[in-house]
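Chemist: Right, I'll just put the structure down here and ask away after.
The values are calculated or read from the model by the stated rules, or taken from the named source; none is laboratory data. The structure displayed is predicted, hence computed values, not measured ones. All Cβ positions, even for glycine, are placed from backbone atoms using ideal geometry, and neighbour counts span all protein chains on display.
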Amino acid sequence: MKEFNYKINGTPYRVVVTKSDTETVELEVNGTPFTVEMAQKTKKALSGVKRPSTSAPSPVPQSTTTPLVTRPSAPAGKNTIQSPLPGIILDIRCKVGDTVKKGQTLMILEAMKMENNILSNGNGKITEILVQKGDSVLEGANLVVIE
């Protein structure tokens, strides 16, 4: 097992590689498990996973994919809507200043190839939208603040 600690845009990430073979790597990012397929097959499992390495990890190249949105800019609470699971924001059906009712669909989150309605947890007014259409979010990421 190999552990890495990263800070991306001020947000800390703890990445633990739990298993590796020639085609996949099993890892946890801040406690959320992921199975990652290798872009190219390797001849052997990642060597650093089985024994500790004394060298620093090589830098990760910049990706053209959408960055993960995880930094809460509002405190989590009864008036903050959070992502129930990791996914991509497909559509935002509200805007700042809108008055919403409990159970109203605020946005659509695609997770595991399914569209999930993100609903208002109460009546109120939208004071802040913390994500944009197309953003990737982790479980627990703050999405909308309702006052």
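Chemist: Taking the conditions exactly as written (farther than 28 Å from GLY31 by Cα, among the small types (Gly, Ala, Ser) and surrounded by fewer than 18 Cβ atoms within 10 Å (Cβ to Cβ)), does GLY140 satisfy them or not?
Modeler: Here the answer is no, as GLY140 does not meet what is asked.
Chemist: To continue, here is another question. Look through region 1-24, keep the residues that are of a type in the set (Val, Ile, Thr) and farther than 20 Å from GLY140 by Cβ, and return whichever of them is surrounded by the most Cβ atoms within 10 Å (Cβ to Cβ).
Modeler: VAL17
Chemist: If you don't mind, another one. Filtering region 1-38 down to residues that are within 22 Å of ALA111 (Cα to Cα) and not in a strand (DSSP E or B), which residue is nearest to the chain's Cα centre (by Cα)?
Modeler: Filtering first and then ranking leaves ASN30.
Chemist: Could we say that GLY134 is in the same structural domain as SER83 (by TED's automatic domain parsing), closer than 21 Å to PRO86 by Cα and assigned to a loop (DSSP other than H, G, I, E, B) here?
Modeler: yes
Chemist: Given GLY103, GLY97, which one is of a type outside the set (Lys, Arg), touching a Ser or Thr at 6+ places or on another chain (Cβ under 7 Å) and exposed (fewer than 13 other Cβ atoms within 10 Å of the Cβ)?
Modeler: Only one candidate passes the filter, namely GLY103.
Chemist: Only residues in region 122-138 that are under 16 Å from ASP91 (Cα atoms) and at pLDDT below 95 count as the first member; pair them with residues that are hydroxyl-bearing (Ser, Thr, Tyr) and loosely packed, with under 13 Cβ neighbours inside 10 Å, Cβ under 7 angstrom, at least 6 apart or cross-chain, and list the lot.
Modeler: Correct list of pairs: LEU130/SER73.
Chemist: Are there any pairs with C-beta distances below 7 angstrom linking a residue in region 94-109 that is touching a residue at least 12 places away in the same chain (Cβ under 8 Å) to a residue that is among the hydroxyl-bearing types (Ser, Thr, Tyr) and surrounded by 11 or more Cβ atoms within 10 Å (Cβ to Cβ), with the two at least 6 apart or on different chains, and if so which?
Modeler: Hits for this filter: VAL96/THR127; VAL100/SER120; LYS101/SER120; LYS102/SER120; GLY103/SER120; GLN104/SER120; LEU106/SER120; LEU109/SER83.
Chemist: Follow-up. Among (1) at pLDDT below 55; (2) surrounded by 16 or more Cβ atoms within 10 Å (Cβ to Cβ), there is one condition VAL29 misses while meeting the rest; what is its number?
Modeler: (1)
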